[in-house]
Amino acid sequence: MAAANLNIVPFVSVDHMMKLVLTIGVERFVTELAGYIEDDFLRWDVFDKTPRAASHSRDGVIELMPTSDGQLYGFKYVNGHPKNAKAGLQTVTAFGALADVGSGYPMLLTEMTILTALRTAATSALAAKFLAPKGARTMAIIGNGAQSEFQAIGFKALAGIDRLRLYDIDASASQRCARNLAGMGFDITLCRSGQDAVEGADIITTVTADKNFATILTDNMVGPGVHINGVGGDCPGKTELHKDILLRADIFVEFAPQTRIEGEIQQLPPDYPVTELWQVMTGAAPGRTSPQQVTLFDSVGFAVEDFSALRYVRDQLPATGLYQELDLLADPDEPRDLFGMLLRAAKKG
Ligand code: NAD
């Protein structure tokens, strides 16, 4: 990698990201990425943490997600537009950068649409490692869009899931998801309703997209001992679970100040007790304490996970060479002679 020339920034395009994921293998990628996320959650205190800056509009949201560990700085740009799918566009797209805190120079610019799906799955599966009932094998996935296969693979790699029950209001989405996962070691059942999907499930993943207070799960659909991985409720006014489920469950979140704004718990009082995932990972707080307990990972996606993902991708580049060199930063011979550089370029024509 052209590390010596700080003005040239490695850029990972969608094409290179796909090659990287396929070279490494999706399961191994998610597993190793989860390792980076866990390492970063174990040193939670060193990070700058703030709820993401969200710009809301009628049809969606655009968000900036920055954080730093004092050595590196990372940010992601991400949107969420549930109506996009109808126009043939992604609901979620993203890109991001990693920079050196010492010089402030960017060190990596990368696509993050695929990377977000991978890091979201890695975080969900990591949470399930601590919260799901022992011996869990069956997962319902309600909402079979762009995130769904990544979730399935993450849970297979990290949480022992090999039976899937799929439901989507659009049956063709479930059929696509099942087709894409064929031959990957899953026993897959296509279901006719959410109620049908949760029958016998140890884990319920909700990952729908609707800019609404939706009720994907009602209280009677959640039996004792179930772990809920709530992924689609991630914006003010956009939730998936009936409030009664929240009142029955033990709730685990990434960064409480952000989740209280964006997650399922926006339906609860602002001081309602929740546990941050890093506390469970460090042993500072218990995870699952009984087989009967209903646990909820109220996922919204936090900047530290993207920081981990950026670090992981950066570390894969020297060996794989899967990047382009981007002429991103101005580099005059004399640092203050920025205008002179422009004049010299004009002379050269
Ligand atoms: P997508 O648009 O590709 O897929 C969403 C699917 O949900 C569609 O197939 C749609 O038909 C289905 N759906 C909508 N309403 C439904 C309902 N009532 N019952 C069953 N299915 C329903 O979106 P995506 O990229 O897969 O993202 C899914 C959700 O996850 C979005 O809300 C997105 O904002 C969220 N998300 C969260 C995180 C996180 O870190 N928590 C990360 C990425 C995406």
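Just so it is clear, none of the values below were taken in a lab; they were calculated from the coordinates. Model, not experiment: these values are computed from the prediction. With ideal geometry, Cβ positions are generated from the backbone for all residues, glycine too; neighbour counts draw on all protein chains shown.
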Per-peptide average of other Cβ atoms within 10 Å, ordering 12-19, 230-237 highest first: 230-237, 12-19
Which whole-number percentage describes the relative contact order of region 7-105, with Cα contacts under 8 Å and a sequence gap of 6 or more? 16
On average over all directions, what projected area in square nanometres does region 165-259 have, based on the convex hull of its Cα atoms? 6.9
Given axes a ≥ b ≥ c from the Cα gyration tensor, I'd like to know whether region 1-136 is rounded (a/c under 1.5), prolate (a/b larger than b/c) or oblate. rounded
Where the Cα atoms of region 248-325 are projected onto their three principal axes, how long is each span, largest first, in whole Å? 51, 28, 19
Using just the helices of the chain, give the 222 nm mean residue ellipticity in deg cm²/dmol: DSSP H runs with n ≥ 4 each add -39,500 (n - 2.57), and the total is spread over all residues, rounded to 500. -10500 deg cm²/dmol
Set of lysines with alpha-carbon distance to residue 134 below 18 Å, sequence-local pairs under 8 removed: 156
For region 186-282, what's the relative contact order in percent, using C-alpha pairs closer than 8 Å and at least 6 residues apart? 23
Which of rounded, prolate, oblate describes region 66-191, given a ≥ b ≥ c as roots of the alpha-carbon gyration tensor eigenvalues and a/c under 1.5 marking rounded, otherwise prolate only if a/b is larger than b/c? oblate
Ignoring solvent entirely, what values of log10 I(q)/I(0) come out of the Debye formula for region 205-287 at 0.11 Å⁻¹ when each Cα is a single scatterer? -0.27
Only counting other Cβ atoms within 10 Å, I'd like 44, 278 sorted with the fewest neighbours first. 44, 278
All Cα pairs of the chain, percent lying beyond 39 Å: 16
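So how much slack lies between residue 328 and residue 220, counting 0.36 nm per residue of separation and subtracting their Cα-Cα distance, in nm? Intermediate results must be reported in sequence, preceding the final value.
Values: separation 108, 0.36 × 108 = 38.88 nm, distance 5.45 nm.
Gain on stretching residue 328 to residue 220: 33.4 nm.
Looking only at the chain, where both bridge partners belong to it, what percent of the DSSP beta bridges are antiparallel (to the nearest 5)? Walk me through the intermediate numbers first.
Working: 29 of 59 bridges.
Taking every DSSP beta bridge with both residues in the chain, the antiparallel ones total about 50 percent.
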What are the radius of gyration and Dmax of region 190-349, computed over its Cα atoms and given in Å? 23.6, 76
Take peptides 152-158, 267-273, 111-117 and line them up by average Cβ neighbours within 10 Å, highest first, as a rough protection proxy. 152-158, 111-117, 267-273
So which aspartates and glutamates pass the test for residue 243, namely a Cα distance under 12 Å, with those fewer than 8 places away in the same chain ruled out? 219, 264
Could you name the lysines in cross-link range of residue 83, using Cα to Cα under 16 Å and dropping any fewer than eight places away on the same chain? 211, 238
Ranking of 260, 119, 176 by count of other Cβ atoms within 10 Å, fewest first: 176, 260, 119
Which whole-number percent gives the relative contact order of the chain, counting Cα pairs below 8 Å spaced six or more residues apart? 21
Once you put a point 7 Å from the Cα of residue 49 and another 7 Å from the Cα of residue 13, both along the Cβ direction, what distance in nm separates them? 3.8
Residue 170 versus residue 279, label points 7 Å from Cα toward the beta carbon: distance in nm? 3.9
Sorted by mean Cβ packing within 10 Å, highest first, what order do the peptides 141-147, 58-64, 98-104 take? 141-147, 58-64, 98-104
From the square roots a ≥ b ≥ c of the eigenvalues of the alpha-carbon gyration tensor of region 28-69, which class results: rounded (a/c under 1.5), prolate (a/b over b/c), or oblate? oblate
